[in-house]
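Quick notes on the structure that follows.
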Amino acid sequence: MKVSFGVPDYALRQLHLGQEFMIRLQDDPKGYQGRVTSISPSADERNRVFTVEVTVSNRSGSLKPGMIASITLRAFRNLPFLQCPLAPSSHILHNPVGFAVMVAQQRSGKWTASLREVQLGATHDTSIGVVE
């Protein structure tokens, strides 16, 4: 069985082919051991992450296509930008100095939108963590 996930560029150098990972499912306390078998040579244009595939033995047949799994990159486990608000990747804007999001605020009874520069954090499916 293959488990695919997206990795931002700042975490890419922590990965290598053959590296072992423990895969965890949302409702299954036991973990599944796997190895990195593929790392995309370029980032996806839409969400700006590199696709990594981990191959996991599924002799028991308990892993099914479409299940949600998680892994932990130990080198980044405790960094604050991994525990930040998520924004849909389609809402992340690229500006000349980095990345930004549009933020709506109500001021004096009127809604206004402003551009706010952010740093990109962890990715989850089609969302990306953002830090001001």
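The values are calculated or read from the model by the stated rules, or taken from the named source; none is laboratory data. Because the structure is a prediction, the values reported are computed rather than measured. With ideal geometry, Cβ positions are generated from the backbone for all residues, glycine too; neighbour counts draw on all protein chains shown. Each accessible area value is taken on the protein alone, full model and side chains, heavy atoms only, with ligands, DNA and RNA left out. Shrake-Rupley method; radii C 1.70, N 1.55, O 1.52, S 1.80 Å.
Key figures for this structure:
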{"item": "Qualifying residue in the stretch 43-53 (condition: of a type in the set (Lys, Arg), in a loop (DSSP other than H, G, I, E, B) and at positive phi)", "result": "yes"}
{"item": "Scan of the stretch 56-73 for residues that are open to solvent by less than 50 Å² (accessible area, probe 1.4 Å) and either in contact with a Leu (Cβ under 7 Å, 6 or more places away or on another chain) or over 11 Å from Phe21 (Cα atoms) (or both), ordered by number", "result": "Val56, Asn58, Gly61, Ser62, Leu63, Ala69"}
{"item": "Elements of type strands (runs of 3 or more DSSP E) contained in the stretch 93-132, each with 3 or more residues being among the polar types (S, T, N, Q)", "result": "110-124"}
{"item": "Cβ pairs under 8 Å, 6+ apart, first in the stretch 26-52 and over 16 Å from Ala11 (Cβ atoms) and at pLDDT below 80, second open to solvent by less than 40 Å² (accessible area, probe 1.4 Å) and acidic (Asp, Glu)", "result": "none"}
{"item": "Filter result for the condition that a residue is modelled with pLDDT of 80 or more and either more than 19 Å from Asp9 (Cβ to Cβ) or of a type outside the set (D, E, K, R) (or both), over Gly129, Gly121, Gly109", "result": "Gly109"}
{"item": "Selection count, the stretch 30-55, where residues are crowded, with 16+ Cβ neighbours inside 10 Å and farther than 28 Å from Ser89 by Cα", "result": "1"}
{"item": "Residues (farther than 19 Å from Pro65 by Cβ and open to solvent by 70 Å² or more (accessible area, probe 1.4 Å)) located in the stretch 5-29", "result": "Asp9, Arg13, Gln14, His16, Leu17, Glu20, Met22, Pro29"}
